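What follows is one structure encoded as structure tokens, with my remarks underneath.
Nothing in this text is a laboratory measurement; each read-out follows from the coordinates by a stated rule. All figures in this text were calculated on a predicted structure; none of them were measured in a lab. Positions of Cβ are backbone-derived with ideal geometry, glycine not excepted, and every protein chain shown enters the neighbour counts.
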Amino acid sequence: MTRHQAADTTPTTTGPTATGPMVEVTDLRRSFGTGERTVHALRGIDFSVERGELAALKGRSGSGKTTLLNLVGGLDAPTGGRISLDGIDLGGLDEDGRLALRRERIGFVFQSFGLIPMLTAAENVGVPMRLRKVPPAEREERAHTLLALVGLADHAGQRPGELSGGQQQRVAIARALANEPGLIIADEPTGQLDSETGRSIMELLRAVVRSEGVTVLVATHDPTLMGLADRVIELHDGRIVEEAEQAA
């Protein structure tokens, strides 16, 4: 299926065929508060994530992982520094531009799944496409294709309350892929799952990287899951303290 036609507000200075890293962060800083009460959540972060790469962020609670994900995803604005996503400088976008960027180029997966209880699995997957006014028949076809991709072809008509935690997170991953994003941002996607189910979700994310050509930036505290990433970036007190590529 070809990428859906972008909305008028989609940033167009550099399209999805841009070269270079999918994510490039330079001297990124984020502070909260003023004066003596200022909290420096990020203190000059530099890193990049290549296209088609699964990169894992690790670090203790408060190390800056979620703050970093929110900045890369355009959910928050930095105090200083630069973020480039798919060749687009986020600092050059207004709120409408950031909204269009999130809608067109980024898929989000959260620890709490974030599914709408009254909708079926297929309808939940279709929500991002509905917001883009994708025709119903095309929306339904892609929703079922994505549910098959995550191993839930037979659960399209079930609601979240009828699914296990692992199945709900698979629906969330299918939803994140709905608009064919270049980047998926996942914040502790296995945090509410047992270790075996969590590993299966990470394996699914890795399979999605391979099959869909998407880039994934995931925050996780589970060391057993980091071995599935292409690269691990460790944060401590708002700084990168270690960055290592994993063996293929």
Simple Cβ-charge dipole of segment 102-172, Lys/Arg +1 and Asp/Glu -1, about Cα centre, in debye nearest 20: 400
Unit charges at the beta carbon, dipole of the chain: most positive-side option, L85, L54, M129: M129
Förster radius 25 Å - calculated FRET efficiency between D76 and R210 (Cβ-Cβ, nearest 0.05): 0.25
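Subtract the Cα-Cα distance of R60 and D94 from 0.36 nm times their separation in residues, and report this length gain in nm to one decimal.
9.0 nm
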Estimated Rh, the chain: Kirkwood, alpha-carbon pairs, angstrom: 18.4
0 to 90° range, to nearest 10: angle between helix 165-176 axis and the chain longest Cα axis: 80
Phi-based couplings in Hz for segment 85-99 (Karplus 6.51, -1.76, 1.60; Gly and Pro marked x): 10, 6, x, 9, 7, 4, x, x, 9, 8, 4, 5, x, 5, 4
Added length on full extension, which subtracts the Cα-Cα distance from 0.36 nm per residue, D237 to T224: 2.4 nm
Rounded to the nearest 20 debye, dipole of the chain from Cβ charges on Lys, Arg, Asp, Glu: 320
